[in-house]
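Notes follow once the structure below has been shown.
The values are calculated or read from the model by the stated rules, or taken from the named source; none is laboratory data. A quick note: this is a predicted structure, and the numbers were derived from the prediction, not measured. Using ideal geometry, Cβ is built from the backbone for each residue, glycine included, and neighbour counts are taken over all protein chains shown.
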Amino acid sequence: MLKALCNLLVGSGDTGGLQQTDRVPMALAVLMLEVAYADGRMDTEELDHLIDSLRNRFELSGEAVNDLVELASASRADSVDLYAYTKEINWAFSQEEKEEIVEQLWDLVLADGVIDKYEEALMRQLADLIGLPHGRMIDAKLRAQQKIGDPRGR
């Protein structure tokens with residue numbers, strides 16, 4: 001099923017009967033991978049956080065989330081931009097839910113304890129692509145920073 005999901009999202013034409021809502025986990029997984037690699041590497045803490053976040057949000061088994069991350073990684077490697085993925089997020093989630101997703105992405109950025117300038121720039125870009133106003137993106141960032149006990153994020 002996840003291979004059909006990947007094919008549907010990247011446009012190979014083999015939908016396997018999947019609905020548009022089935023593309024959302026792949027889109028979010030790709031965006032999370034993009035954020036995790038924004039600073040040039042993905043730390044163990046980031047990978048663990050990414051897997052836990054996807055498992056919890058979509059209620060996936062360990063095997064399913066690992067398959068999703070593997071397929072999302074392949075999709076990310078073949079992608080030229082983030083628009084197709086953010087379009088799925090825009091379709092599937094309300095403004096409040098998108099703010100929660102941005103907070104979840106900030107949690108991922110902060111998983112290694114450092115906000116890199118490339119991570120910061122990508123988060124601004126993603127917030128813009130999903131139509132989240134700058135102030136709400138900052139609010140999501142501050143909530144994520146408070147979770148780790150450092151309001152500055154350092």
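Brief remarks on what is shown
- Of all residues in the range 27-42, exactly one satisfies the criterion of being touching a residue at least 24 places away in the same chain (Cβ under 8 Å), in a loop (DSSP other than H, G, I, E, B) and either touching a His at 6+ places or on another chain (Cβ under 7 Å) or hydrophobic (A, V, I, L, M, F, W, C) (or both), namely 38.
- Exactly one residue out of 41, 124 is under 27 Å from residue 146 (Cβ atoms), among the basic types (Lys, Arg) and at pLDDT 95 or above, and it is 124.
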